[in-house]
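None of the figures in this text is laboratory data; all of them are computed from the coordinates on show. Quick caveat: nothing in here was measured; it's all calculated off a predicted structure. Quick reminder, even Gly has a Cβ in these numbers, built from the backbone with ideal geometry, and neighbours come from all protein chains shown.
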Amino acid sequence: MNQRQFLGWAAALALGVLPAARGQQADSKVDAAFQKFWAADSPAAAAKRASDIEKSGVSFDEALRRLKAGRAYTAQKSGVVQLMNRTEDGAEHYYSVDIPEAYDPGRRYQVRFQLHGGIGARTDNKPRGNGEIGRLAGAEQIYVLPYAWEDAPWWGADQVLNLGAIVDALKRTYNVDENRVVVAGVSDGATGAYYIAMRDTTPYASFLPLNGFLMVLANREIDDGRIFPNNLRNKPLFAVNGGRDPLYPTSDVEPFTRHLMNSGVTMEYHPQPDGEHNTRWWPEVKDVFEKFVSDHPRDPDPDRLTWEAADAVHGRAHWLEINRFGKALGENAAMSDVNDVDASETGRFGVPAGRLFRGSKDAGRVDLERAGNTVKASTRGVTEFTLLLAAEKFDFSQPIVVIANGREVFHGRVERSVKTLLQRAARDNDRTMLYAAELPVHLQ
């Protein structure tokens with residue numbers, strides 16, 4: 001081989017090797033950025049690291065693939081783990097996590113929150129008991145036992161933040177099935193399950209109140225005008241009450257459970273005629289309870305949604321965010337509402353005639369229905385909301401149409417965004433709920 005042939009051969013080799021080397025370097029950069037993203041200990045930390053992934057030059061499809069695959073989980077200690085988190089408002093919350101004995105990091109696990117009763121007897125935030133699920137054990141799953149006390153009851157914004165923070169923390173350590181996280185509770189904890197369902201539906205698949213009563217929340221010291229029973233239409237409920245319960249007997253509870261079911265709330269009600277204010281009936285109910293949970297996984301991006309809120313902080317429900325409140329052109333003031341009942345059902349509990357809860361004149365509501373690339377919205381008291389467009393629910397090669405209150409308010413193409421995909425993934429920490437774009441909708 002002469003010098004000219006050698007130089008030609010070397011040049012050809014370089015042309016093949018250098019692009020491959022550059023590709024390997026790019027992949028390595030993306031790998032490193034994602035490793036830091038998965039290692040973040042909070043949504044805020046993940047959001048900061050999302051920008052590094054974007055700067056790596058990763059394509060939208062590759063970022064989506066990696067987000068769907070999620071982080072790599074490692075083996076963890078089984079049994080009870082005592083933990084603590086500090087919510088955004090600065091409150092310290094202790095909780096225990098009961099991990100299955102044969103925990104396998106390669107398998108996705110169902111999670112049950114179990115909210116305790118007897119809040120009035122607890123004066124501080126310290127843990128009680130040994131942290132085990134005990135006699136209320138059911139299917140093999142991860143059990144979470146958070147704690148409430150008289151200054152931080154289940155029916156408060158602080159506990160909504162607490163449970164949300166726990167869900168996020170669990171998913172950073174344990175392989176959680178994001179579509180099988182449920183909230184159950186007994187007595188005060190059951191009433192709390194109703195409350196959580198009306199304030200923060202997105203992370204949860206179903207709500208299971210045992211020996212509780214929705215109308216406890218109508219107490220003047222609790223009902224702050226921001227309790228919206230119409231939000232119960234989003235997720236299924238499984239309720240148990242006892243006929244001999246001195247606090248919440250079936251005779252008091254059943255008119256309201258019937259009203260919920262007749263108003264579009266998906267609910268299984270299992271009255272126990274001889275039941276008292278305890279869970280002695282659990283061995284007979286357990287299998288039905290766990291079958292209900294198994295049969296009702298969460299739909300991370302449901303085609304129908306209804307959400308009511310009085311502020312933007314609590315304005316999120318899956319792919320909907322309510323941003324601004326006020327009267328909009330052509331809004332639907334006559335939307336059917338679970339909060340509207342016959343006065344005969346409410347009088348003895350001291351709530352305003354015709355309404356379960358007093359509501360707020362500043363509240364707003366949006367009902368959504370999606371069919372292909374068309375979204376129909378019916379609103380009341382809302383002037384601006386945002387649609388989060390799921391990567392696999394919309395055809396981004398075609399126009400998206402939004403019709404609000406019978407009027408077309410948007411018709412056009414929307415581009416997929418790596419930045420939006422990553423920032424939303426940082427916030428939600430959910431492999432099954434990934435958004436390609438945000439679409440603001442203005443009704444004024």
Problem - segment 78-97: number of residues that are in a loop (DSSP other than H, G, I, E, B) and touching a strand residue (DSSP E or B) at 6+ places or on another chain (Cβ under 7 Å) - result: 3
Fill in the blank from the handout: Taking segment 351-392 and keeping only residues that are over 19 Å from M335 (Cβ atoms), out of contact with any helix residue (DSSP H, G or I) (no Cβ under 8 Å at 6 or more places or on another chain) and either free of Cβ contacts under 8 Å to residues at least 12 places away in the same chain or among the charged types (D, E, K, R) (or both), one is left with E392
Exercise for the section: Report, by residue number, each residue of segment 313-330 that is surrounded by 15 or more Cβ atoms within 10 Å (Cβ to Cβ) and among the small types (G, A, S). Expected result: G315, A317, A328
Fill in the blank from the handout: Looking across segment 299-312 at residues that are assigned to a strand (DSSP E or B) and among the aliphatic types (A, V, I, L, M), the single one that is surrounded by the most Cβ atoms within 10 Å (Cβ to Cβ) is A309
Practice task
Give me a count of the residues in segment 287-338 that are touching a Gly at 6+ places or on another chain (Cβ under 6 Å) and farther than 21 Å from D430 by Cβ.
Solution key: 2
Practice task
May I ask you to list the residues in segment 224-262 that are part of a loop (DSSP other than H, G, I, E, B) and surrounded by 19 or more Cβ atoms within 10 Å (Cβ to Cβ)?
Solution key: R226, I227, F228, K235, P236, N241, D245, Y248
Problem - Near pairs, Cβ below 8 angstrom, 6+ apart or cross-chain, from segment 402-416 (under 19 Å from A391 (Cα atoms) and free of Cβ contacts under 8 Å to residues at least 24 places away in the same chain) to any residue that is aliphatic (A, V, I, L, M) and surrounded by 10 or more Cβ atoms within 10 Å (Cβ to Cβ) - result: H411/I400; H411/V401; H411/V402; G412/I400; R413/I400; E415/A437
Practice task
For segment 157-177, enumerate the residues that are in contact with a Lys or Arg (Cβ under 6 Å, 6 or more places away or on another chain) and outside any loop (DSSP other than H, G, I, E, B).
Solution key: V160, D177
